[in-house]
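Some notes on the structure that comes next.
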Amino acid sequence: MQIEHAAMYVNDLEGAKEFFVRYFEARANGGYYNVKTGFRSYFLSFDGGARLEIMTRPALKEGEKDPLQTGLSHIAFQVGSEEEVRALTERLRADGFQLLSGPRTTGDGYYESCVAGFEGVQVEITA
């Protein structure tokens, strides 16, 4: 058994798509639009087979962006090496995204950094 995909609602669907395409090499499908409900979505595919569905619709409720709340905490991407972690972290920071931690080696042995990505979603970058 494997996870088929994860999904998240966003306010700025095109901005979210661009974020994952630009920084994490996502490949987006052609998108979906339901004219009756206003629901829109893209499936983003990543190397290794992982998929993320990003979705929006009118009148979304804004939730608190607290890393200690219940629910999904973050999304993590493995980039391959410590140098790639440092380079992508710096690229995101230079483009205005907030660095939350690292790059560093964690107590459980991961080399990682965490940034507040689009709309404040916490993104972990690992070697």
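The values are calculated or read from the model by the stated rules, or taken from the named source; none is laboratory data. Please read all numbers here as calculations on a predicted model, not as lab measurements. Using ideal geometry, Cβ is built from the backbone for each residue, glycine included, and neighbour counts are taken over all protein chains shown.
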Original post:
Out of the stretch 103-127, which residues are small (Gly, Ala, Ser) and more than 17 Å from the chain's Cα centre (by Cα)?
Top reply: Gly107, Gly109
Original post:
Out of all the residues in the stretch 67-124, which are polar (S, T, N, Q) and in contact with a Pro (Cβ under 8 Å, 6 or more places away or on another chain)?
Top reply: Ser73, Thr89, Ser113, Gln122
Original post:
For the stretch 99-107, does any single residue satisfy the condition of being in contact with a strand residue (DSSP E or B) (Cβ under 6 Å, 6 or more places away or on another chain) and closer than 28 Å to Met1 by Cα?
Top reply: no
Subject >> Selection count, the stretch 73-127, where residues are outside any strand (DSSP E or B) and aromatic (Phe, Trp, Tyr) >> reply: 3
Original post:
Pairs, please: C-beta under 7 Å, at least 6 apart or cross-chain, first residue on the phi > 0 side of the Ramachandran plot and in the stretch 30-44, second surrounded by 13 or more Cβ atoms within 10 Å (Cβ to Cβ) and of a type in the set (D, E, K, R)?
Top reply: Gly31/Arg40; Gly38/Arg57
Original post:
Which of (1) surrounded by fewer than 18 Cβ atoms within 10 Å (Cβ to Cβ); (2) modelled with pLDDT of 95 or more; (3) over 20 Å from Arg91 (Cβ atoms) is the odd one out, the single condition Pro58 does not satisfy?
Top reply: (2)
Subject >> Selection from the stretch 1-29 of residues that are in contact with a Lys or Arg (Cβ under 8 Å, 6 or more places away or on another chain) and either among the basic types (Lys, Arg) or free of Cβ contacts under 8 Å to residues at least 60 places away in the same chain (or both) >> reply: Glu4, His5, Tyr9, Leu13, Val21, Ala26, Ala28
Subject >> Subset tally (residues that are closer than 17 Å to Gly120 by Cβ and touching a Leu at 6+ places or on another chain (Cβ under 7 Å)) for the stretch 18-31 >> reply: 2
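Under the condition of being assigned to a loop (DSSP other than H, G, I, E, B) and farther than 29 Å from Arg91 by Cα, which residue from the stretch 4-40 is nearest to the chain's Cα centre (by Cα)?
It comes out as Glu4.
Across the stretch 89-127, what is the number of residues that are of a type in the set (Asp, Glu) and on the phi > 0 side of the Ramachandran plot?
Total meeting the criteria: 1.
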Subject >> Residues satisfying the stated conditions in the stretch 88-121, i.e. farther than 14 Å from Arg22 by Cβ, modelled with pLDDT of 95 or more and surrounded by 14 or more Cβ atoms within 10 Å (Cβ to Cβ) >> reply: Thr89, Leu99, Leu100, Pro103, Tyr111, Glu112, Ser113, Cys114, Ala116
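Conditions tested, residue by residue: (1) modelled with pLDDT of 95 or more; (2) surrounded by 14 or more Cβ atoms within 10 Å (Cβ to Cβ); (3) farther than 17 Å from Val10 by Cβ.
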{"position": "Ala26", "(1), (2), (3)": "yes, yes, no"}
{"position": "Gly30", "(1), (2), (3)": "yes, no, yes"}
{"position": "Ser41", "(1), (2), (3)": "yes, yes, no"}
{"position": "Leu52", "(1), (2), (3)": "yes, yes, no"}
{"position": "Gln78", "(1), (2), (3)": "yes, yes, yes"}
